[in-house]
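Take a look at the structure below.
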Amino acid sequence: MDHKKLLEQIDEWYNNDEDQKIVDAILEIPAKDRGYDLIGQLAVAYNNTEKYDEAIQILFSIAEEGKADHEWYYRLGYAYSELEKYEEAISNFSEAIKLDPEYEPAYTGRGDAYNELGKHEEAVLDYNKASKLDSENQEGSNGIGSFLSFVLLDESAIDLDLLRKQLQEDWGIVINKNSEENDDSQSLIETINDMNLIVSLMPAPVPNDEALDNASTNFYWEEAVDVTKSHKAHILVSVLGGEKDLLGATDLFVKVCTSCLKQPNAIAINTLGTVLQPEFYIEYAESSLKEDQFPLMNMVFFGIYSNDNGATLSFYTYGLGLYGKLNMEIINSDKAVDETLGLLQSIVEYVITSDVTLKAGETIGMSEEQKLKITALDSDVLGEESLQIDF
């Protein structure tokens, strides 16, 4: 097998969590014939199979080429971090960031290392950067399992003691105060079920008028723009690393956002490309999660518009990219609003909770008789590929 075909096969093995097959296949090739790319993939496979010393050794064998490659530094940093050599890990993650300031995994890795060393302020800065990079790609594959929202505040303050109390009373989530945390702390970092939870006060409005632009999309809330204009600060809420348990990450994220919205100075939440009322978000979260149901209205925005002055209505979703799915649309429907929206919501909930991937050319329905055609669409409203449901 030539190197190109082997690299394609390696991608498939990664997707199937078959890392030992990668190690075995590359080791069958004489060392002198492996080349930089295959040796780099061998290091990744060693890391994934917890052979961190071997990963470091093999990476140093290509150090001359690697020192111009941000991924080489990241892989080295990852191995050192797993060996609890956090200073070495931070050094290598920092070099990766110098080479590619937009490389999100390096910020997350360095944040983890800082956190292990008790350098919580540095960790928050890196986690915040990682979250913002994820938010820029929330609808792309890189954002799968990484959730980010901003709770808008009418004054720059956060009560972490109240937040902890709310999390425990409402959801049974216990986050104890860190021994190094002082009374002026404005951030909370916790690892829960292998996911990083970050809650951090940002003492300024959401940058670049993002929240204000998003508020204009919420046709359900007439005061959205005016309320958003009044915000003076925001709480960044992020859950990173939830790609292996998307429903668990969703559950944690929505619960924390809901508790943050109970801060006395919380006025709205900037999420899903829109701005939602606290009461709306809290009501749907509590009614869903306390019944062990998927919090659909907290995680997917359903937009509506008309192409013909109301003769027909079109609907679209925003947020499915976080689950590795294409967004959906129903265009120019003459059916009743409740009927059309209800159908779209049912399809979306089924796709997420059952991890179903719809494809163009297939059909879908909510009964054995219903067969709605699915087609691919270059969406005008979303600016990306979506799936049109013929209804």
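Candidates are the residues of the stretch 280-327 that are of a type in the set (Ser, Thr, Tyr) and not in a strand (DSSP E or B); the one that is nearest to Ser386 (Cα to Cα) is Tyr323. Of the residues making up the stretch 1-51, those that are assigned to a loop (DSSP other than H, G, I, E, B) and modelled with pLDDT under 85 are Met1, Asp2, Asn16, Asp17.
Pick out the one residue from Ala249, Ala233 that is buried (at least 22 other Cβ atoms within 10 Å of the Cβ) and touching a residue at least 60 places away in the same chain (Cβ under 8 Å). Let's see the steps before the verdict.
Details: Ala233 fails: buried (at least 22 other Cβ atoms within 10 Å of the Cβ).
None of the others qualify; the one that does is Ala249.
Of Gln41, Gln20, Gln57, all but one fail to be assigned by TED's automatic domain parsing to the domain that holds Ala106 and buried (at least 16 other Cβ atoms within 10 Å of the Cβ); the exception is Gln41. For the stretch 224-275, filtered to residues that are among the charged types (D, E, K, R) and modelled with pLDDT of 95 or more, the residue that is nearest to Leu153 (Cα to Cα) is Lys232. From the list Glu102, Glu87, Glu122, Glu71, the one residue that fits, being charged (D, E, K, R), touching a helix residue (DSSP H, G or I) at 6+ places or on another chain (Cβ under 9 Å), surrounded by fewer than 20 Cβ atoms within 10 Å (Cβ to Cβ) and part of a loop (DSSP other than H, G, I, E, B), is Glu102.
Looking at Leu76, Leu99, can you tell me which residue is more than 22 Å from Met195 (Cα to Cα), hydrophobic (A, V, I, L, M, F, W, C) and at pLDDT 90 or above? Working first, answer last.
Values: Leu76 fails: more than 22 Å from Met195 (Cα to Cα).
The unique qualifying residue is Leu99.
Counting the residues of the stretch 201-230 that are of a type in the set (S, T, N, Q) and surrounded by fewer than 22 Cβ atoms within 10 Å (Cβ to Cβ) gives 4. It is to be established whether one or more residues within the stretch 259-276 are closer than 20 Å to Leu344 by Cβ, out of contact with any strand residue (DSSP E or B) (no Cβ under 8 Å at 6 or more places or on another chain) and either touching a residue at least 40 places away in the same chain (Cβ under 8 Å) or not aromatic (Phe, Trp, Tyr) (or both). The answer is no, given that none of the residues of the stretch 259-276 is closer than 20 Å to Leu344 by Cβ, out of contact with any strand residue (DSSP E or B) (no Cβ under 8 Å at 6 or more places or on another chain) and either touching a residue at least 40 places away in the same chain (Cβ under 8 Å) or not aromatic (Phe, Trp, Tyr) (or both).
The values are calculated or read from the model by the stated rules, or taken from the named source; none is laboratory data. None of the values given here were measured: they were computed from a predicted structure. Quick reminder, even Gly has a Cβ in these numbers, built from the backbone with ideal geometry, and neighbours come from all protein chains shown.
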